[in-house]
1. What strands (runs of 3 or more DSSP E) lie completely within the range 73-168 and have 3 or more residues being surrounded by 16 or more Cβ atoms within 10 Å (Cβ to Cβ) and among the small types (G, A, S)?
2. If you check Y109 against the conditions, is it touching a residue at least 12 places away in the same chain (Cβ under 8 Å), over 21 Å from D75 (Cα atoms) and of a type in the set (F, W, Y)?
3. For the range 9-26, how many residues meet the condition of being surrounded by fewer than 16 Cβ atoms within 10 Å (Cβ to Cβ) and touching a strand residue (DSSP E or B) at 6+ places or on another chain (Cβ under 9 Å)?
4. List pairs: first in the range 86-102 and within 25 Å of V76 (Cα to Cα), second at pLDDT below 95 and in a strand (DSSP E or B), Cβ under 9 Å, 6+ apart or cross-chain?
5. Looking at D65, is it without any contact (Cβ under 8 Å) to a residue 40 or more places away in the chain, buried (at least 16 other Cβ atoms within 10 Å of the Cβ) and among the acidic types (D, E)?
6. So S32 clears everything in (1) polar (S, T, N, Q); (2) touching a Gly at 6+ places or on another chain (Cβ under 9 Å); (3) under 15 Å from L153 (Cα atoms) except one condition, right? Which one?
7. Of all residues in the range 27-54, which are hydrophobic (A, V, I, L, M, F, W, C), surrounded by 12 or more Cβ atoms within 10 Å (Cβ to Cβ) and either on the phi > 0 side of the Ramachandran plot or without any contact (Cβ under 8 Å) to a residue 40 or more places away in the chain (or both)?
8. Of (1) farther than 25 Å from S5 by Cα; (2) in contact with a Pro (Cβ under 9 Å, 6 or more places away or on another chain), S157 satisfies all except one. Which?
Amino acid sequence: MSIKSDRWIKEMARGGMISPFVECQVREDVVSFGLSSYGYDIRVADEFKIFTNINSTLIDPKAFDPRSFIDVKADVCIVPPNSFALARTVEYFRIPRDILTVCLGKSTYARCGIIVNVTPFEPEWEGTATLEISNTTPLPAKIYANEGIAQVLFFQSDERCETSYADKHGKYQAQREVTLPRI
């Protein structure tokens, strides 16, 4: 397996792997996003689901109660102290069958105690990625919509996988909005 360079990512993005695609890293007055040396810095959209305990519900991945969060559409999201939000990427991905990605939070946010869950994008998965953003601090934390939130690294195998995410009819296939846990 080999990590893919910016040249390879650019070629694949032109073929529809990442849309919209930004061919250079945008950095001025924003948390950076766009093509980087060996990955792609993704943006967080302006749609958030912020967890709340107003209804005192239990978080259960097998029986998720949508009253556990409030919906926010804004240029900035304030994640409460020691809390959590879901969001989605601006970018839509179409991952090739011989590629596995790993999505990692950006250090700019990590240095503020804001953690984006590490997650793979499996071969032949497509959609906007639902992002899990944790505020590990005792203070409110600000997330900027339409700016960088995480980096996706692309790993290419020397052979195509036997069973892809599409073959498994993955439950998060082709999602376009913030998607809650499914069983």
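The values are calculated or read from the model by the stated rules, or taken from the named source; none is laboratory data. Note that the structure is a prediction, hence the values are computed from the model and not measured. So basically every Cβ, Gly included, is an ideal-geometry build from the backbone, and we count neighbours across all protein chains shown.
1. 83-94, 126-135
2. Spelling it out, it is not the case that Y109 is touching a residue at least 12 places away in the same chain (Cβ under 8 Å), over 21 Å from D75 (Cα atoms) and of a type in the set (F, W, Y).
3. So the answer is 7.
4. As it stands, the answer is L86/F51; L86/F69, since those pairs meet every condition given.
5. no
6. Only one criterion in (1) polar (S, T, N, Q); (2) touching a Gly at 6+ places or on another chain (Cβ under 9 Å); (3) under 15 Å from L153 (Cα atoms) is unmet by S32, namely (3).
7. L35, I50, F51
8. (1)
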